[in-house]
Amino acid sequence: MAGFRMIQVKAEAEAVESVKRRPAVNADDYAEIEFRAVFEAGAFGPESTSDPREAEEQI
């Protein structure tokens, strides 16, 4: 069984605390947790929010 959940937090420590409050996923009280940062395009500056096709045409 697999799945994922996305949560929005300000810091990794906040994400860890959130996971600790969740119940175990199986009877063995074991779960494998991965943390991955997800960024919005605006976080990379105004250049990254342009249309990718326009950028490709300029190359």
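For the reader, a short list of remarks on this structure follows.
- Qualifying positions in region 32-46 - assigned to a helix (DSSP H, G or I) and of a type in the set (A, V, I, L, M, F, W, C): A41, A43, F44
- Identity of the residue in region 40-59, among the small types (G, A, S) and farther than 25 Å from M6 by Cβ, that ends up modelled with the lowest pLDDT: S50
- Scanning region 14-28 for residues that are at pLDDT below 70 and loosely packed, with under 11 Cβ neighbours inside 10 Å, we see that the one that is farthest from G3 (Cα to Cα) is A27.
- The residues in region 1-21 that are closer than 14 Å to E32 by Cα and hydroxyl-bearing (S, T, Y) can be counted, and the count is 0.
The values are calculated or read from the model by the stated rules, or taken from the named source; none is laboratory data. Remember, predicted model here, so these are calculated numbers, not experimental data. Here the Cβ is made from the backbone with ideal geometry for all residues, glycine too, and neighbour counts use every protein chain on show.
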